[in-house]
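The values are calculated or read from the model by the stated rules, or taken from the named source; none is laboratory data. Bear in mind that the values here come from a model prediction, so they are computed numbers and not experimental data. Neighbour counts run over all protein chains shown; Cβ positions are idealised from the backbone, glycine included. Each accessible area value is taken on the protein alone, full model and side chains, heavy atoms only, with ligands, DNA and RNA left out. Shrake-Rupley method; radii C 1.70, N 1.55, O 1.52, S 1.80 Å.
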Amino acid sequence: LLVVDIEHFTRINDALSPEIGDQVLTEVAHRIERQAEEGDVAIRLGSDEFAVMLSGVSGAQAIDRAGELLAAFEVAIRVEDLSLNVDLNIGVVVYPEDGDAPETLLRRANLALSHARAGRERVCAYQHGWDEQHLRRLALSSAFREALQAEQITLAYQPKIPLADRANPGAEALV
């Protein structure tokens, strides 16, 4: 399963117009469809995200297919009088290695997509253990918010002074 999103799509929508954004989405969908092989299923998940279910491929083949999809977007999209370069990010999961339920595969593909965006990679395959890291971050964020509301967090400043010349002292904030 490939989950594909258009990088900075909101900029296109905001800067040019929702109508231009819709035309870009249509062209992206057509290019994704043209890359699909027999047995593949391509759908729009919503907003600027698409899913492509590949049929009968290994993990390495899925990565290769994602690369081929990226290559289809090396040529700019023509919309009205504009030539727009569209970059994609793609998260990849493989059934059954990365999960055996549709919800699990979609969640993990989205985690891989998030890693692709954060790491400035275009294609990223899901790595085992990311679920646990993601859940830990969510729990920590929730606990931090609760502690903040309960005024259980304090702030302290710690001086940082270079010992060699004591020039340019600074401080770091500790919570």
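Conditions first: (1) under 19 Å from the mean Cα position of the chain (by Cα); (2) part of a helix (DSSP H, G or I). Asp98 passes all but one, so which condition is the exception?
That leaves (2) as the condition not met.
Which one is most open to solvent (accessible area, probe 1.4 Å) among residues in the stretch 101-133 that are farther than 19 Å from Leu45 by Cβ and either touching a helix residue (DSSP H, G or I) at 6+ places or on another chain (Cβ under 6 Å) or not in a helix (DSSP H, G or I) (or both)?
Arg120
Give me the pairs, please: first residue somewhere in the stretch 71-95 and of a type in the set (Asp, Glu), second residue anywhere and not in a loop (DSSP other than H, G, I, E, B), beta-carbon distance under 8 Å, and either six or more positions apart or on two chains.
Listed by first residue and then by second, the contacts come to Glu80/Ile20; Glu80/Gln23; Asp87/Ile6.
Can you name the residue in the stretch 21-37 that is charged (D, E, K, R) and assigned to a helix (DSSP H, G or I) and is also most open to solvent (accessible area, probe 1.4 Å) among such residues?
Arg34
Could you grab me the full set of residues in the stretch 38-87 that are assigned to a strand (DSSP E or B), closer than 17 Å to Val3 by Cβ and not aliphatic (A, V, I, L, M)?
Passing the criteria: Arg44, Gly46, Glu49, Phe50.
Any idea which residue in the stretch 38-64 is farthest from Ile90 (Cα to Cα), counting only those that are among the charged types (D, E, K, R) and open to solvent by 30 Å² or more (accessible area, probe 1.4 Å)?
Residue satisfying both the conditions and the ranking: Glu38.
When both residues are 6+ apart or on different chains and their Cβ atoms are under 8 Å apart, which pairs have a first residue that lies in the stretch 6-30 and is farther than 23 Å from Ala66 by Cα, and a second that is open to solvent by 70 Å² or more (accessible area, probe 1.4 Å)?
Here the result reads Ile20/Glu80, each pair linking the stretch 6-30 to a residue that is open to solvent by 70 Å² or more (accessible area, probe 1.4 Å).
Could you check, for the stretch 88-98, whether at least one of its residues is open to solvent by less than 30 Å² (accessible area, probe 1.4 Å), β-branched (Val, Ile, Thr) and either touching an Asp or Glu at 6+ places or on another chain (Cβ under 6 Å) or more than 30 Å from Ile12 (Cβ to Cβ) (or both)?
The answer is yes, given that some residue of the stretch 88-98 is open to solvent by less than 30 Å² (accessible area, probe 1.4 Å), β-branched (Val, Ile, Thr) and either touching an Asp or Glu at 6+ places or on another chain (Cβ under 6 Å) or more than 30 Å from Ile12 (Cβ to Cβ) (or both).
Can you report the number of residues in the stretch 134-172 which are more than 28 Å from Arg107 (Cβ to Cβ) and either in a strand (DSSP E or B) or open to solvent by less than 80 Å² (accessible area, probe 1.4 Å) (or both)?
12
Could you tell me whether the stretch 103-118 includes any residue that is of a type in the set (Val, Ile, Thr) and in contact (Cβ under 8 Å) with a residue 12 or more places away in the chain?
Among the residues of the stretch 103-118, not one is of a type in the set (Val, Ile, Thr) and in contact (Cβ under 8 Å) with a residue 12 or more places away in the chain, which makes the answer no.
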